[in-house]
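Structure, as structure tokens:
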Amino acid sequence: MSVTEPPVSAVEALLTDGTTVLVRPVEAGDRAAVLELHVHGMSEESRRMRFFGASHRAPELAADRLCGPGRADVLALGAWADGELVGEADCQATAESGEVAELAMAVADAWHHRGVGTLLVEHLAHAARKRGIREFAADTLAGNRAVHKVFSDLGLPVHRHLDHGEIRVRVPLDEDDEGYLRAVDERGRTADLASLAALLRPRAVAVVGASRRTGSVGRTVLLKIRRGGFTGPVWAVNPHAGVIAGEPAYPGIAELPGVPDLAVLAVPPAAVPGAAEECGRTGTKALVVLTSGLDATQARQLMHSCRRHSMRLVGPNSVGIAQTDPAIRLDAEFGGAFPLPGTAGVAVQSGGVGIALLQRLAWLGIGVSSFVSLGDKYDVSGNDLLQWWESDGRTDLALLHLESFGSPRAFARTARRVTRTLPVLTVDAGRSDAGRRGAASHTAAAATPTVTRETLFRRAGITAAHSIAELVETAALFHTQPLPDGRGRVAVVSNAGGIGILAADACAAAGLELPPLPAETVAELRELLPAGAGTANPVDTTAAAGPAELRACLDVLARADTVDALVVCLVPTALVQDDADRPLRALLDGPGRRRLPVAAVLLDQEVPVQYRTCADGGRLPSYADPAAAARALAHARDRARWLAEPFSAPAAPPTADADRARRLVDAFLDAHPDGGWLDPETTADLLDCYRLPLTTSILVRSEDEAELAARGLCPLGHEGRIAAKAYWPGQVHKSAEGAVRLGVGSATQAQECYRDFRDRFGGRMTGVLFQPMAPPGVELLVGAVQDEVFGPLVLLGLGGTATDVLGDRTTRFAPLTERDLETMPAELRAAPLILGRPGSPGTDLTGLRRALTGVSGMACDLPQLVEVDLNPLIVRPDGVVCVDARIRVEPRPSYDPYLRRLRRPALAGEAGGREPQ
Ligand code: ADP
Ligand code: MG
């Protein structure tokens, strides 16, 4: 087995009803469990279906196959629920072809219709692919509906062939199949929602650790649940107190008059594992753990109880949850006031941020549908909440504050779907990127955590604000105003010219366009505004304009073709001192007619943002600072653009020789188990696998070889010249060390150059690389990095030796889509050099796109490629060529990001804990 294929390991996953099972390989020691499954777990009829006739030897045969001496040829996975084997799926390559495997499965009767079979086959398909198996085949009885359902549920294309009452089923295991990925997603979602209902729509709640002491967390939460008017029973659990806050308390969960769906734990850390286990045993389905400061053992025990008893877990270190649905009305948090019912879903990692956010939303008047303080996120994450809000029928705006991503790929995938139906706003706090500054390649230096996160947000259509204040200001606009057209052209109107200019500047700074107004609009404005008014954009009505004029002016602007949004800046002026609010009232009179987003800017407003109620009952956000209004509008414009973006399929991968590429990488890693920079020969071979156009490069090791190489290369180079580069393993930036000589014009010069390099670099130099000089063009950087958590990220930027200084670059996750190929070059500041402009030709875009897809494909196929740096790729009108490529590899397991499994969280006291998913 090569380093890229780790043994299948144990993972926990949810069934469709929300039960957690452990999926792991069946081992020799599992014989008794396999026999038990087949003998007692399955009826005669199920066995008949499984084995074509009820051979009494069938259970023995199955146990031999899976646990006997021949088991090495069988790939078998079992699903365990609380230690019991409830299902098994296995496959074995057929005698005829190593690429086709016979599939078999058995699920205990009591566990039918819960997705055990589908889950197992999904994981088995993943493991089988890694063994080079390309197709599952199975002979089944026509009446075996359960098995046929498993196949159709998989989402893979299924071919059926009826033969004498038996059906031969064939399932090609194409992992890029969109239908399959969608089906996997869909199953994951159903399971998640089922399990979250106990948390967010509980019928009965227990508070464990509610004490008599006023001000204690448990007691506070208990009282808040009661006062909030929870619609079901709420029970206090405390071994020491008979009565808490006037109601009876119970000594333990088992003593409660019923089973709570949800238990809120507010006990000391040492008591958390015991309380959690007791909850699980009595059938509680969700926990909110408010306790913080668990040590590693306590954390593990808590997780173990949750998984074992299929309990979803919020926290630890949570400030609680709130559900405002009138049918539930659950206020189980100790942070602030019970939020107003409404349509914003709020989830935060930090309790403090949560309290602040709820407070600001309350001031503003935005109601909340549900609130979850995720705390240390051992289990329930932002991803779960997005799925919940997507389908709870109440939420139309999601606000997330996340400090870390447990499984960013799953998050990106969910978010990409959810943001199609509701805006998802987050704060991108922009952590320090100091850690990456020392990175060796340009690509790695550029792919900071901030860049990766921004790429994730953009890909998922998430609106990322830079502060809590900006988040709330943006939410205020999104919550009440329609989205603008994606062009986002703004007209600014003010009743005091200077402020209009400030607002216009703020719009420009936020990247919004202030187009000139159409001639007929200008004419209309001239007609209705007082003499001396400014009728260009920004429009200055002057203080002399009365309410009627202002109203008419706004209507005229709203009708103009070139205006997609209005920013209206008003100041109380001397002329209207008698009624300072008159201009504002004019604005609020009838924006409903205008059908485009309007943001008011009132410089004398005390709070940064507030709603003003319009004559028609609608609400308009008004900002104290024009910059805040402009930023919110820019976010709205970006969302409109994102929604308008057509779905774009991954770009067709280049004709690549992935098998050869894998062999090259494996061979290098066999020789260098810790990984490292590939030597020039392997680099060239690997690029060749993906048809990446590396220029001819010859590595010479003596003066004589230098002369020979130069004779061969000089005629090929631009103006008969060549480039010479001293080489030694692990070298970083060659030019900076004087290891690049350009324009070498003859064999004699090549020899001289060789001697000069040898004199200067001595023993560490292992050779000199000679290349023909490429004709000049635009130097670009095309690269990729593997983010341990996010997966491969592809980067395009202005290249050459000044790459890091200029910082002109754009990134996308691989695989790149057709749209990415179009938009990436266009996003660079250097775009005119690449795409062409009047008077100067563009470059070979087809060649550039091919290079981008090549790098994307290479990074997707080979997770061991941690840094790929083609710098420069020289692009010209007549072609593209790379003259410097560096690739670093590391031993890395491959993984299937879509495989359903529960996150393995970073537990207290554990280092790392990042798990690719
Ligand atoms: P490094 O990036 O390690 O400093 P490069 O091999 O990229 O070294 O060379 C530095 C610069 O020299 C390139 O950005 C390019 O401008 C120029 N250069 C290098 N090789 C060639 C070549 N074969 N043809 C034309 N220009 C070259
Ligand atoms: Mg370079």
(request) Specify the residue that is nearest to Leu769 (Cα to Cα); the eligible residues are those in the range 672-697 that are aliphatic (A, V, I, L, M) and open to solvent by less than 20 Å² (accessible area, probe 1.4 Å). (result) Leu678
(request) For the range 513-532, state whether one or more residues are over 18 Å from Ala627 (Cα atoms), at pLDDT 90 or above, out of contact with any Lys or Arg (no Cβ under 6 Å at 6 or more places or on another chain) and among the basic types (Lys, Arg). (result) yes
(message) Where the second residue is among the small types (Gly, Ala, Ser) and the first is assigned to a helix (DSSP H, G or I) and lies in the range 498-509, which pairs have Cβ atoms under 6 Å and are six or more apart or on separate chains?
(response) Gly500/Ser494; Ala506/Ala627; Ala506/Ala630; Cys507/Ala630
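Hey, any hits in the range 828-848 for a residue that's in contact with an Asp or Glu (Cβ under 8 Å, 6 or more places away or on another chain) and within 16 Å of ligand 1 (Cβ to nearest atom)? Steps first, answer last, please.
Here is the first cut: in the range 828-848, the residues in contact with an Asp or Glu (Cβ under 8 Å, 6 or more places away or on another chain) are 828-830, 844.
Then drop every residue that is not within 16 Å of ligand 1 (Cβ to nearest atom), which leaves 830.
Among the residues of the range 828-848, at least one is in contact with an Asp or Glu (Cβ under 8 Å, 6 or more places away or on another chain) and within 16 Å of ligand 1 (Cβ to nearest atom), which makes the answer yes.
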(message) Going by what's in this entry, would Val732 be described as within 46 Å of the chain's Cα centre (by Cα) and open to solvent by 20 Å² or more (accessible area, probe 1.4 Å)?
(response) yes
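For the range 747-767, name all the residues that are touching a helix residue (DSSP H, G or I) at 6+ places or on another chain (Cβ under 7 Å) and more than 12 Å from Glu703 (Cβ to Cβ). Please lay out each step first, then the result.
Pass one, the range 747-767, residues touching a helix residue (DSSP H, G or I) at 6+ places or on another chain (Cβ under 7 Å): 747, 750-751, 754-755, 765.
Scanning the range 747-767 gives a single hit, Met765.
Residue by residue through the range 170-188, note down the ones that are modelled with pLDDT under 75 and either open to solvent by less than 50 Å² (accessible area, probe 1.4 Å) or in contact with a Ser or Thr (Cβ under 6 Å, 6 or more places away or on another chain) (or both).
Result: Asp177, Gly179, Tyr180, Leu181, Ala183, Val184, Asp185, Arg187, Gly188.
Considering only the range 343-375, how many residues are among the charged types (D, E, K, R) and surrounded by 21 or more Cβ atoms within 10 Å (Cβ to Cβ)?
Let us first name the residues in the range 343-375 that are among the charged types (D, E, K, R), namely 360.
Filter once more, so that each one left must be surrounded by 21 or more Cβ atoms within 10 Å (Cβ to Cβ): none.
Going through the range 343-375 one residue at a time, the tally reaches 0.
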(message) So, in the range 709-729, how many residues would count as being in a strand (DSSP E or B) and open to solvent by 20 Å² or more (accessible area, probe 1.4 Å)?
(response) 1
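Pick from Gly797, Gly767, Gly777: which is within 16 Å of ligand 2 (Cβ to nearest atom) and farther than 27 Å from Leu456 by Cα?
Working: Gly797 fails: farther than 27 Å from Leu456 by Cα; Gly767 fails: within 16 Å of ligand 2 (Cβ to nearest atom).
Sole residue among the options that is within 16 Å of ligand 2 (Cβ to nearest atom) and farther than 27 Å from Leu456 by Cα: Gly777.
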(request) For the range 198-229, name all the residues that are at positive phi and without any contact (Cβ under 8 Å) to a residue 12 or more places away in the chain. (result) Gly215
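Conditions tested, residue by residue: (1) open to solvent by 10 Å² or more (accessible area, probe 1.4 Å); (2) of a type in the set (Val, Ile, Thr); (3) within 16 Å of ligand 2 (Cβ to nearest atom).
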site	(1), (2), (3)
Arg837	yes, no, no
Leu845	yes, no, no
Leu852	no, no, no
Ser856	no, no, no
Cys860	yes, no, no
Pro872	yes, no, yes
(message) Return the pair list, or none, for Cβ contacts closer than 9 Å from residues in the range 723-738 that are under 17 Å from Ser702 (Cα atoms) to residues that are modelled with pLDDT under 90 and in a loop (DSSP other than H, G, I, E, B), at least 6 apart or on different chains.
(response) Ala723/Gly717
(request) Would you be able to tell me the number of residues in the range 300-314 that are within 11 Å of Ala276 (Cβ to Cβ), of a type outside the set (S, T, N, Q) and either assigned to a loop (DSSP other than H, G, I, E, B) or over 25 Å from the mean Cα position of the chain (by Cα) (or both)? (result) 6
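Could you list, in sequence order, all residues of the range 1-51 that are in a loop (DSSP other than H, G, I, E, B), hydrophobic (A, V, I, L, M, F, W, C) and at pLDDT below 85? Walk me through it before giving the result.
Looking only at the range 1-51, we keep the residues that are in a loop (DSSP other than H, G, I, E, B), and these are 1-10, 15-19, 26-27, 40-43.
Then drop every residue that is not hydrophobic (A, V, I, L, M, F, W, C), which leaves 1, 3, 8, 10, 15, 26, 42.
Hits for the range 1-51 are Met1, Val3, Val8, Ala10.
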(message) Looking only at the range 753-786, count every residue that is open to solvent by less than 20 Å² (accessible area, probe 1.4 Å), closer than 21 Å to Gly730 by Cβ and within 13 Å of ligand 1 (Cβ to nearest atom) and tell me the total.
(response) 5
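Restricting attention to strands (runs of 3 or more DSSP E) lying wholly within the range 330-419, give those where 1 or more residues are within 24 Å of the chain's Cα centre (by Cα). Full working, then the answer.
Values: elements: 330-333, 341-348, 368-373, 397-401.
Strands (runs of 3 or more DSSP E) meeting the threshold: 341-348, 368-373, 397-401.
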(request) For the range 646-671, enumerate the residues that are part of a helix (DSSP H, G or I), in contact with a helix residue (DSSP H, G or I) (Cβ under 9 Å, 6 or more places away or on another chain) and surrounded by 15 or more Cβ atoms within 10 Å (Cβ to Cβ). (result) Ala658, Ala661, Arg662, Leu664, Val665, Phe668
(request) With the condition kept exactly as written, say whether any residue in the range 834-850 is modelled with pLDDT of 90 or more and polar (S, T, N, Q). (result) yes
(request) Take the range 725-752 and flag every residue that is near ligand 1 (Cβ under 9 Å from one of its atoms) and under 30 Å from Asp674 (Cα atoms). (result) Lys725, Gln731, Val732, His733, Lys734, Ser735, Ala736, Glu737, Ala739, Val740
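The values are calculated or read from the model by the stated rules, or taken from the named source; none is laboratory data. Computed from a prediction, not measured in an experiment: that's the story for all the values here. Note: ideal-geometry Cβ built from the backbone for every residue, glycine included; neighbour counts use all protein chains shown. Each accessible area value is taken on the protein alone, full model and side chains, heavy atoms only, with ligands, DNA and RNA left out. Shrake-Rupley method; radii C 1.70, N 1.55, O 1.52, S 1.80 Å.
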